[in-house]
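The values are calculated or read from the model by the stated rules, or taken from the named source; none is laboratory data. Just so it is clear, the model here is predicted, and its values are computed rather than measured. Positions of Cβ are backbone-derived with ideal geometry, glycine not excepted, and every protein chain shown enters the neighbour counts. Heavy atoms of the whole protein, side chains included, go into the accessibility calculation; ligands, DNA and RNA do not. Shrake-Rupley method; radii C 1.70, N 1.55, O 1.52, S 1.80 Å.
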Amino acid sequence: MKQTTALVAALCAASIAGPALAQSEMDMPDATATLSNTDGETVGEVQLFETAEGILARVTAENIEEGWHGFHLHEIGDCSADDFSSAGDHYAPDGNSHGLLSDGPAHAGDLPNIYADADGNIEADVTSTALTINGDMAPIMDEDGSAFIIHEGPDSYGEEAGAGSRVACGVVEVAS
Ligand SMILES: [Cu+2]
């Protein structure tokens, strides 16, 4: 009986140690963006981590309509316009054409669609090897900054984004 108790205790300790270690890598994002909707309400956050070959963006959001949504990095760190047009187009410092599934390289700011569940929640980890936070290749923190945008509908991944209006916007800020 004593042995069983000891074993259970050991298993519990192991299961607590595992996730805690994994979590510590993500405790300190290199940059963040607070997402607001068109009513100016905070609806979520993007945490950005520099990786060996690009970036990892962890997206958490709420009160988003159920379904797939286009998710891009736009070229200007400005969400002040009511329709978020102030964030400009997709971030594309090397030019290129739009669309992850179009021929040739896509805009650096083209990212995979993200999904909001029936409760309006989004939890997604998105990686890109076309962006850096402060590096030489497509730096997110360039002179005019950058902003993440969540669109009303899904990106087509083709030449025309077709994702509709902008429902949430967040200016990227380097973590202090
Ligand atoms: Cu967009």
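Is the range 15-36 home to any residue that is modelled with pLDDT of 85 or more and more than 18 Å from Val126 (Cα to Cα)? The answer is yes; a qualifying residue exists.
For the condition under 27 Å from Asp39 (Cβ atoms), acidic (Asp, Glu), open to solvent by 20 Å² or more (accessible area, probe 1.4 Å) and more than 12 Å from the ligand (Cβ to nearest atom), what is the one hit in Asp136, Asp119?
On the way: Asp136 fails: under 27 Å from Asp39 (Cβ atoms).
Of the residues listed, the single one that is under 27 Å from Asp39 (Cβ atoms), acidic (Asp, Glu), open to solvent by 20 Å² or more (accessible area, probe 1.4 Å) and more than 12 Å from the ligand (Cβ to nearest atom) is Asp119.
Name every residue in the range 29-48 that is outside any loop (DSSP other than H, G, I, E, B), touching a residue at least 60 places away in the same chain (Cβ under 8 Å) and either open to solvent by 60 Å² or more (accessible area, probe 1.4 Å) or charged (D, E, K, R) (or both), in order of residue number. Correct list: Thr34, Glu45.
Name the residues in the range 139-176 that are surrounded by fewer than 14 Cβ atoms within 10 Å (Cβ to Cβ) and out of contact with any Asp or Glu (no Cβ under 8 Å at 6 or more places or on another chain), would you? Write out each step before concluding.
Residues of the range 139-176 surrounded by fewer than 14 Cβ atoms within 10 Å (Cβ to Cβ): 143-144, 158-160, 164-165, 175-176.
Correct list: Glu143, Gly158, Glu159, Glu160, Ser176.
Screening Ala147, Ala124 for residues that are within 22 Å of Cys79 (Cα to Cα), within 12 Å of the ligand (Cβ to nearest atom) and under 17 Å from the mean Cα position of the chain (by Cα) leaves exactly one candidate, Ala147. Quick one: which residue in Gly40, Gly77 is at pLDDT 95 or above and either closer than 15 Å to Gly162 by Cα or more than 17 Å from the chain's Cα centre (by Cα) (or both)? None of the others qualify; the one that does is Gly40.
Checked against (1) within 16 Å of the ligand (Cβ to nearest atom); (2) in a strand (DSSP E or B), Pro93 passes all but condition (2). Residues in the range 49-66 that are open to solvent by 40 Å² or more (accessible area, probe 1.4 Å), under 22 Å from Ser165 (Cα atoms) and not in a strand (DSSP E or B): 4 in all.
Close contacts from the range 150-176, counting a first residue that is within 12 Å of the ligand (Cβ to nearest atom) and a second that is assigned to a loop (DSSP other than H, G, I, E, B) and acidic (Asp, Glu), with Cβ to Cβ under 6 Å and a gap of 6+ residues or different chains, come to Ala161/Asp155; Ala163/Asp155; Gly164/Glu152; Ser165/Glu152; Val167/Glu152. Counting just the residues of the range 67-82 that are open to solvent by 10 Å² or more (accessible area, probe 1.4 Å) and in a strand (DSSP E or B), which one comes out farthest from the ligand (Cβ to nearest atom)? That would be Gly67. A search for C-beta distances below 8 Å between a residue of the range 83-106 that is free of Cβ contacts under 8 Å to residues at least 60 places away in the same chain and open to solvent by 70 Å² or more (accessible area, probe 1.4 Å) and any residue that is in a loop (DSSP other than H, G, I, E, B) and among the basic types (Lys, Arg), counting only pairs 6+ apart in sequence or on different chains, returns nothing.
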